[in-house]
1. Grab the other residues whose beta carbon is less than 14 angstrom from that of B:Asn70, score K and R as +1, D and E as -1, and report the net.
2. Considering every residue in A:527-537, what mean count of other chain Cβ atoms within 10 Å of its Cβ is obtained?
3. Where does each of B:Lys74, A:Lys89 land when they are ranked from fewest to most other beta-carbon atoms within 10 angstrom?
4. For the pair A:Lys168/A:Thr22, report the inter-label distance in nm, with labels modelled 7 Å from Cα in the Cβ direction.
5. Net charge near A:Ala183: determine it from the other residues with C-beta under 11 Å of the C-beta of A:Ala183, scoring Lys and Arg +1 and Asp and Glu -1.
6. Please compute the volume of the convex hull spanned by the alpha-carbon atoms of chain A and report it per residue in Å³.
7. Once you list every other residue whose beta carbon is under 13 Å from the beta carbon of A:Ala504, what net charge do they have if Lys and Arg are +1 and Asp and Glu are -1?
8. Which FRET efficiency, nearest 0.05, do A:Ala504 and A:Glu300 yield, Cβ-Cβ r, R0 22 Å?
Amino acid sequence: MKHSILKETVVIFCAAVLIASTVAVIFSFVYNAGLTEKIAGQFARAGAASAARAIEGVDYDALTQSKSRDVYMQTRRTLKSICKSFELKYLYVYEPDTESDSIRYIMTVASDEKQDKMVASERGLGKVISHNLTEQEQYALSGEEHGEAYVEENAYGDVYTWICPIYKDGSVIALVGSDYSTAVLFQRTVKRTLVIIVPMICVLILAILISLFAIRKKILLPVKALSQRMNSFITDKGVGFQPLDIHLDNEIGEMADSFSKMSGDIKNYLANIKTLTAERTRTSAEFDIARRIQNGIVPENTEVLGKFYNAFARAKAAKDVGGDFYDCFEIKDGNLCAVIGDVSGKGIAAAMFMVMTRTMLHDCLSSGYSPADALNNVNNALCTSNPEGMFATVFAAVLNPKNGELCFANAGHTRPVITGENARFLEIDSGIAVGLFEDSDIKDNYINLKKGESIILYSDGVTDIVNKNNEFFGAERLFEVVRSSGDAKIAVKSLEIAASEFAAGAEQFDDYTVLALNYIGDKNILRLVPRESSLPELRKAVLAVTGKNRRGKKIYLACEEAFVNIASYSKATAVETEFEKQDHILRITFSDNGTPFNPVSANIKKKGFDELDSGGMGLSLIRQIAENMWYKRQDNKNILFLEFTLKEE
Amino acid sequence: MNIKTTVTQSAAVLEIDGWLDTQTAPELGAEIEALDPSVTELIIDMSKLEYISSAGLRLIVAAHKKMNGNLTLKNLTPEILDVFNMAGFSKKLNIM
């Protein structure tokens, strides 16, 4: 805390008291000064007047001519008593002599005993001192009693003086002066001021103390308690949620009530969140398990490589568990089974129905059922136990890799694409999805795939991809992407890239599943290390195709020269030799990953006989033996085609 | 490939049996290299030679140079002769 409100309030109150007291003292002092001055004047006047009347009441001559000491002393006591009564410092009676500018004292008294003794001798009867008459004295002599006291500074201190005439027989015979001390006047003023101010300040301080106490109890302590509770609200949960012990009928009490209510609400809210989180965690864990199971059944990538085919599948579920599925596996007789399907709906229910459908289809196809038989079987099984009325579109096919025969059947699924020179959508009845009607009577269809052709199976999650302009990816775009694909993996990957570029980051709404089967056919590929030591292997492979005859040896001669060229000069690390025999034509393809070299267009330097021991005959031999040869550079590979006729020589 | 060498005075006879290709050619090269300097005439009997590639042809040219033309090839089968014809120098050689 930077500042305490209490401390600040005390400082403010003290300052207020100080300022108020100062102002009050000043005003009070000025007022009292005026008042006491007026009183002093009245006292001086009254004292002088009383003394004059007292003198007039005695035998003046007896008093002044020393005839009677008793009268003098009596009068002096009277004057002294008057002097004391009117708080006067001095009271004196004298006769002014206007001709000699002097005065003659008759009597002087003082209130103070010590002073009185002194003035009794110094300013006693008959004492004459020179003195110029003041204005007041002249007024008095002329019979006018003068109204104002005046401050006279003389040897006896600052005094207010009042002059009053003494009459005898109607004329002024002497004057009486009274001195009122200014020191006494000041003392009176201070005394009066203090009497007023001190109680006032005391009352003020008391009021402030009471206020502070009230502020502390009613505001500061509750606010402090509230603040501490807020501070430790989360850290100290045990206390944090207890109702606050503040019972006030004001804004602070209202604030405390609101806070108590808020902490109660938060307590309940936290409890709810705790329950919800626990539930969410459990559901999420179960979902994770379901997802792992689904990934085990429908992996994101699957590659099946056979001698005469290659197959590749890619699946991406839109939600945690989805309804798309595929299956691709080789069965006992060497045939390749491929299934793709899409279950209505999404989530756990779709996933369960999917697992059931896929498992039954897998069993049927594994047991050698044809696609249509498998689909009909599964359909009947699903129809008998399908309380939720779910259904699945399925396309199933079996490829005989030895001759390219493809047997397939459709249950309401999208039409696959056949790639290759004669790329097309597979012509097939749409059929009825499995799970809807018994006896859907799905039929088998057959086509013969040519070597290198592929069949691309996909779910509608591929064609239904929407880009930001709300356009569908569509079957036509899919067709254009895959139409010239050979290798299954390349087809699937290029389709995935095209689809993702099309979507350009838009959210995936549906499951994405693609399965491609590439029929390679009876191809004979020999992979060789490009070294001379590989020659016996090459020879064996060539002669196995040609037969060990004169023509065969010549064809091998061409192959040896081609291979040795690659091994000696290209720096290749792998050479693939592919043999393709069609009737009497043998095509042998060498592909190597070495530096580019085109043996078809390369110039053969004409050498003399004596130079031939340094080589240069190989290319010439190849050109003479092969009926046809051509070359291309593709995928960073040298590909050399040699075509031979297998004629008898 | 097997090579049978017979030396009589200044003449040597090499009888090659089997496949003479890039892999086996060094054996023949070594055999010719190993001949005594006194040998000035070389006869290669190819009756049992089943196959020859450019590596073998190069050795024949080299041997021809080494013997200053005193090289005779004999008993060539038609298929071996065919290769020499394709190489384009059967006329330069003394073929019996």
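1. Once positives and negatives cancel, what remains is +3.
2. 2
3. Ascending Cβ contact count within 10 Å gives the list B:Lys74, A:Lys89.
4. So the label points at A:Lys168 and A:Thr22 sit 6.1 nm apart.
5. Here the charged neighbours net out to +1.
6. Residue-normalised Cα hull volume stands at 435 Å³.
7. Local net charge: -2.
8. Once the sixth-power term is evaluated, E becomes 0.55.
Each value in this text was obtained by applying a stated rule to the coordinates, not by laboratory testing. Computed from a predicted model, the values in this text were never measured in an experiment. Don't worry about glycine lacking a Cβ; one is built from the backbone with ideal geometry, like all the others, and counts go over all protein chains shown.
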